[in-house]
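The values are calculated or read from the model by the stated rules, or taken from the named source; none is laboratory data. Remember, it's a predicted structure, so these values are computed and weren't measured experimentally. Backbone-built Cβ (ideal geometry, glycine too); neighbour counts: all protein chains shown.
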2 protein chains.
Amino acid sequence: MSINTSKAASISEVAAHAGVSIATVSRVLNSTKPVNADTRERVETAVAALGYRTNALARSLTRGESKLLLLLVPDFANPFYSEIIKGVESVIRKAGYSLVLGGAPDTLSRDSQALDTLYNRLADGVISLAHYHDLQPLLREMPGLPWVSCSEFIPDSDVPHASIDHQQAAVDAVQYLINRGHERIALLSADENYLWARQRHLGYEVAMQRAGIAIDPQLVRIARGTDYVFGMEAAGALLAQKNAPTALFAVSDTLAIGAIKAFRRAGLRVPEDIAVVGFDNVPLSQVFEPALTTIAQPMHELGAAAAQLLLERLAGGTPTSRTLQHTLVVRESA
Amino acid sequence: MSINTSKAASISEVAAHAGVSIATVSRVLNSTKPVNADTRERVETAVAALGYRTNALARSLTRGESKLLLLLVPDFANPFYSEIIKGVESVIRKAGYSLVLGGAPDTLSRDSQALDTLYNRLADGVISLAHYHDLQPLLREMPGLPWVSCSEFIPDSDVPHASIDHQQAAVDAVQYLINRGHERIALLSADENYLWARQRHLGYEVAMQRAGIAIDPQLVRIARGTDYVFGMEAAGALLAQKNAPTALFAVSDTLAIGAIKAFRRAGLRVPEDIAVVGFDNVPLSQVFEPALTTIAQPMHELGAAAAQLLLERLAGGTPTSRTLQHTLVVRESA
DNA sequence: GTGAAAGCGCTAACAT
DNA sequence: ATGTTAGCGCTTTCAC
């Protein structure tokens, strides 16, 4: 029960109250040097009486570190990112850090308030989930900042990242389809400014090639967005083909679900008439009917690994990127 | 293109480089007082040359405000919160604030690092999405902090909040069912330590009473969690009744979806055999089949309103809580 | 219009 | 073991 109703007490008030110097107060607060038992007690009493709490700003200023990490999230509403955030949190918290949120893609321009507020050494480091082409310009603006990328990564840069092997994951997904006897396998990709989309697309091509299946360009579609509506749209176009596919690999679950909805609306059964495999294993994919066969990324671990990377970097190390394992989760849709 | 590869330049270096005093630099940086055109230019050149950026920590310390707001989120993985966060962001950003994330419920104990790191005047204020019983102890620890609650609220406190009228929303949902001719309406509630669960439960009772329908205690279930599995579980129990319900009101969409899965697995058709209405209008509810009839909360607006409240509070005002409008979204499940 | 200097609340080196 | 003091990098009177 603190006494002060008005202004926050400062360290000097505590010192006065306890009849010691501010240095001593600082020492008991940080247990940075031995302090006599009774002195310590007097200080602690004063702290309690005044409801004193260290001013984090002042501490950070003198220490030269804020214990704040900036997290760049393209879209909070994306459950995919949420799990990563949890992973990040779990490790940085143990190290005494907190997260500052940096926002939407459009706030990522140089003169944005977000950056002005944040890059000014408020944060000790950055974990970015943003897409690399949004970042590249920024990155060269702030050579000093410890930077780490999660899930995405930045080609030709020394920014360490934690991610899965998107291409290999796509190979696995398509290979699964091939193993099940499919040959006319369609690809539903997303805006290929996204590295992951490009890489998953590549994986599709590799798998097809390896199996000696020629790729029908008609069967390759780029959705206009990642929302499931765009999945429906693109799937519709696919159905309009003379020679319809028997399977579909979508580079994201939302797209896959949109496609399934479109297929069913067209009277097709999934997976009997057309098999579908997605990517991401979003929460929805498990609940949706038919439950989605998809590639699961270890999202929590991804976040944790990225955080670990940053922590090592902060400790003066030069960690190298980590590639984590994906899994093919077989459910009902394929 | 900045020159410094090593350490960040400080204001005094800029001053030296421009041949002016640090006061002048500060003036052009903040345009707080008139400065001669050529002096200004010299300073600006120096700033550019040195790649100088204001140290946010130092600025905050002198100004006595950090422009940082603490956001308490019980669970990042919950899409419901994500939308709120976006709403919050959109308004605070305009006011020059950034968000610091405060974490999971279990980190909310007094001695947690999260709080130690943050409450120490690092943040200028707090927006909480956490449940009130998690907060009450904290709240009395820090009488000084401008605090605002979103979606949840704290009974018998002077903490302003932005939320919908949960009880009335539940009344609307159940009334809708009644209007469609249902009488044996079941309630699927959640842990009633949650205020919203209690209030929605209450709404159910009010609606039933008003319609003169006696409530069958057998038809009222409390799920063991909010995950959809618990919805399935509880729905199973409901089906085991001698006198099965013809409709169900679930206090959350995830619960509703779980229930629907269970119903269908038992050979029931939704909504023909049993109608279901949910609550929250999570993204999934639109995609799920059958699409969910549910109560939509204006999540973005909720976040924005809460942020607005906090801003007013920060400006010295004493804003009063705001109740926003919910909507019944009629889709396929009822 | 510009500079000098006093803090903001801390931590850490240096004394004692 | 404890106190004095010099910063940390800025903003803001107060002089000139």
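Which ones in segment B:27-51 are within 14 Å of chain A (Cβ to nearest Cβ) and either among the polar types (S, T, N, Q) or more than 7 Å from DNA strand D (Cβ to nearest atom) (or both)?
Hits for segment B:27-51 are B:Asn30, B:Val47, B:Ala48, B:Leu50, B:Gly51.
Filter segment B:146-164 down to the residues that are touching a Gly at 6+ places or on another chain (Cβ under 9 Å) and not aliphatic (A, V, I, L, M), then identify the one that is farthest from B:Arg221 (Cα to Cα).
B:Pro146
Restrict the check to segment B:1-15 and report whether at least one residue is of a type in the set (A, V, I, L, M, F, W, C), away from DNA strand D (no atom under 12 Å from the Cβ) and in contact with a His (Cβ under 9 Å, 6 or more places away or on another chain).
The answer is no, given that none of the residues of segment B:1-15 is of a type in the set (A, V, I, L, M, F, W, C), away from DNA strand D (no atom under 12 Å from the Cβ) and in contact with a His (Cβ under 9 Å, 6 or more places away or on another chain).
Consider A:Arg180 carefully, then state whether it is farther than 23 Å from B:Leu284 by Cβ and either in the same structural domain as A:Pro74 (by TED's automatic domain parsing) or surrounded by fewer than 17 Cβ atoms within 10 Å (Cβ to Cβ) (or both).
The answer is yes for A:Arg180.
Output the residue which, of all residues in segment B:60-87 that are assigned to a helix (DSSP H, G or I) and aliphatic (A, V, I, L, M), is nearest to B:Leu99 (Cα to Cα).
So, considering only residues that are assigned to a helix (DSSP H, G or I) and aliphatic (A, V, I, L, M), the one nearest to B:Leu99 (Cα to Cα) is B:Ile85.
I'm trying to understand the selection: among the residues of segment A:291-317, which are surrounded by fewer than 16 Cβ atoms within 10 Å (Cβ to Cβ) and either closer than 23 Å to B:Thr254 by Cα or polar (S, T, N, Q) (or both)?
A:Ala291
Give me the pairs, please: first residue somewhere in segment B:35-47 and in contact (Cβ under 8 Å) with a residue 12 or more places away in the chain, second residue anywhere and surrounded by 16 or more Cβ atoms within 10 Å (Cβ to Cβ) and of a type in the set (Ser, Thr, Tyr), beta-carbon distance under 8 Å, and either six or more positions apart or on two chains.
Going by the 8 Å Cβ cut-off, the qualifying pairs are B:Thr39/B:Thr24; B:Val43/B:Thr24; B:Ala46/B:Tyr52.
Determine whether A:Leu57 is part of a helix (DSSP H, G or I), surrounded by 14 or more Cβ atoms within 10 Å (Cβ to Cβ), near DNA strand C (Cβ under 10 Å from one of its atoms) and at the interface with chain B (Cβ under 9 Å from one of its Cβ atoms).
The answer is yes for A:Leu57.
Within segment B:77-88, can one find any residue that is modelled with pLDDT of 90 or more and within 14 Å of DNA strand C (Cβ to nearest atom)?
Within segment B:77-88 (the criterion being modelled with pLDDT of 90 or more and within 14 Å of DNA strand C (Cβ to nearest atom)), the answer is no, since none of the residues qualifies.
Which of the residues belonging to segment A:243-293 are more than 14 Å from every other protein chain (Cβ to nearest Cβ) and without any contact (Cβ under 8 Å) to a residue 40 or more places away in the chain?
Selection gives A:Ala266, A:Gly267, A:Leu268, A:Glu272, A:Asp273, A:Ile274.
Looking for something more than 10 Å from chain B (Cβ to nearest Cβ), within 16 Å of DNA strand D (Cβ to nearest atom), of a type in the set (Lys, Arg) and surrounded by fewer than 21 Cβ atoms within 10 Å (Cβ to Cβ) - is there at least one such residue anywhere in segment A:67-78?
no
Which residue out of A:Ala244, A:Ala214, A:Ala266, A:Ala240 is more than 17 Å from A:Asp191 (Cα to Cα) and in contact with a Lys or Arg (Cβ under 9 Å, 6 or more places away or on another chain)?
Exactly one residue qualifies, and that residue is A:Ala244.
Of the residues that make up segment B:239-257, is at least one buried (at least 23 other Cβ atoms within 10 Å of the Cβ), modelled with pLDDT of 95 or more and among the β-branched types (Val, Ile, Thr)?
So far as segment B:239-257 goes, yes, one or more of its residues are buried (at least 23 other Cβ atoms within 10 Å of the Cβ), modelled with pLDDT of 95 or more and among the β-branched types (Val, Ile, Thr).
Can you name the helices (runs of 4 or more DSSP H) wholly within segment B:154-268 that have at least 3 residues being within 30 Å of B:Pro319 (Cβ to Cβ)?
B:166-179, B:195-210
Go through (1) in a helix (DSSP H, G or I); (2) modelled with pLDDT of 80 or more; (3) not aromatic (Phe, Trp, Tyr) and name the single condition B:Ser149 misses.
Of everything listed in (1) in a helix (DSSP H, G or I); (2) modelled with pLDDT of 80 or more; (3) not aromatic (Phe, Trp, Tyr), B:Ser149 misses just condition (1).
Counting only residues that are closer than 16 Å to A:Arg59 by Cβ and part of a loop (DSSP other than H, G, I, E, B), which one in segment A:17-37 is nearest to DNA strand C (Cβ to nearest atom)?
Per the stated criteria, the residue is A:Thr32.
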